[in-house]
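Participant: What follows is a structure written as structure tokens; I'll ask about it next.
Where a number appears in this text, it was derived from the coordinates with a stated rule and is not lab data. Predicted model, so just to flag it, every value in this text is computed and none were measured. Please note: Cβ atoms are built from the backbone with ideal geometry, for glycine as well, and neighbour counts cover all protein chains shown.
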């Protein structure tokens, strides 16, 4: 079920490493400065997505908490925490992660007993199911999504108005007792959906896409702005303001080289830590304009990675990630 970390697409690994680095040193990552991606990853599927829908990364080096240790003080599972990274635009780039809970795949394995989980299926934000090599349902964690009925198959192109009125049918002498009310509704009438249990695991997988068509469409629409940011970063690179520092984690052991017109505007320092990383210090640029440079990473397994950055001198407007200097708000006069 799991594969070596090197088998995961480079772009997906970079997204996971960048997210993990963004948590390090923050309140959410307090006490977990040694967190790093584990040596393996698990593909996660979704009934309506062809191929691998997500990748589950184990996060090692996380401190034990009351939620991820057993009664004897030992860990419940091999992994410490986890990151779930979307393998497409059907969901937000990082839909689920935790430093306190064990990876969903490990939790499913613990519940399945002697039966081997061959495939992990993501059903909802916090719901995962495990099945064997033949596609037979084994177990699930989280709340299994029910089968909705009487839902519209498409949203109306134009919203219809409706009204609801009530008026008393009997008189009352005091306000202590509410008079009987008559209800009158006009205009559009909303359907009354119901939820039922699925008859089988096979039915749940087969009808998942149609049953949750509108919900899945809304999720994709909600994720679109986050993917636009990912696209901009991939196209233009990541900006570093003059005087700021940025830590860039390596995905494996390797060498680092800085190239490009802006190479003279940045200083690089290798950090003695795990995972291996470099610290970039943006200095002053001779020209008051953005200075672009590339960070070329050559790993021992033969793979290469090129990351683009640019230095933004102080007081120079940037038309890429943000605009500087920030405008000063003008307060209204009293």
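Participant: What is the spin-label model distance, in nm, from residue 89 to residue 268 if the labels are put 7 Å beyond Cα along the C-beta direction?
Facilitator: 3.2
Participant: Can you pull the Rg over Rh of the stretch 1-69, Cα-only, Kirkwood?
Facilitator: With Rh from the inverse mean 1/r over Cα pairs, Rg/Rh is 1.02.
Participant: Now for a different question. Listed highest first by mean packing, meaning other Cβ atoms within 10 Å per residue, what order do 299-311, 89-101 come in?
Facilitator: Packing order, densest peptide first, comes out as 89-101, 299-311.
Participant: I need the peptides 187-195, 36-44, 53-61 ranked by packing, meaning the mean over residues of other C-beta atoms within 10 angstrom, with the highest value on top.
Facilitator: 53-61, 36-44, 187-195
Participant: Over the stretch 237-312, what is the percentage of antiparallel beta bridges among all DSSP beta bridges, to the nearest 5?
Facilitator: DSSP beta bridges in the stretch 237-312 are roughly 85 percent antiparallel.
Participant: Now a separate question. Order of 123-134, 144-155 by packing, highest average Cβ count within 10 Å first?
Facilitator: Final packing ranking: 123-134, 144-155.
Participant: Another question, then. Please compute the Kirkwood hydrodynamic radius of the stretch 85-203 from all pairs of different C-alpha atoms, in Å with one decimal.
Facilitator: Every distinct Cα pair counted, the radius reaches 19.4 Å.
Participant: Now for a separate question. Run the helix sum for the chain: -39,500 (n - 2.57) per DSSP H stretch of 4+ residues, divided by residue count, reported at 222 nm to the nearest 500 deg cm²/dmol.
Facilitator: Taken over the chain, the calculation gives -5500 deg cm²/dmol.
Participant: Could you give the Stokes-Einstein D for the stretch 83-152 in µm² per second, using the C-alpha Kirkwood radius, 20 °C, 1.002 mPa s?
Facilitator: Here the translational diffusion coefficient equals 160 µm²/s.
Participant: Where in the stretch 102-123 does the amide nitrogen come within less than 17 Å of the point 7 Å from the Cα of residue 136, taken along Cα to Cβ?
Facilitator: 109, 111-120
Participant: Of the listed values (i) 1.14; (ii) 1.32; (iii) 1.05, grab the one calculated as Cα Rg over 2.2 N^0.38 Å from the structure here.
Facilitator: Identified label for the calculated read-out: (ii).
Participant: From the P(r) of the stretch 155-211, can you give the percent of Cα pairs sitting at distances over 13 Å?
Facilitator: The answer is 77 percent, as a whole percent.
Participant: What are the extents of the Cα atoms of the stretch 237-312 along their three principal axes, in Å, largest first?
Facilitator: Taking the Cα atoms of the stretch 237-312, the three principal extents are 39, 22, 16 Å.
Participant: Over all Cα pairs of the stretch 183-263, how is the pair count split among 5 Å bins, expressed in % and running from 0 up to the last occupied bin?
Facilitator: Result returned by the calculation: 3, 8, 9, 12, 11, 9, 8, 9, 8, 8, 6, 5, 3, 1, 1.
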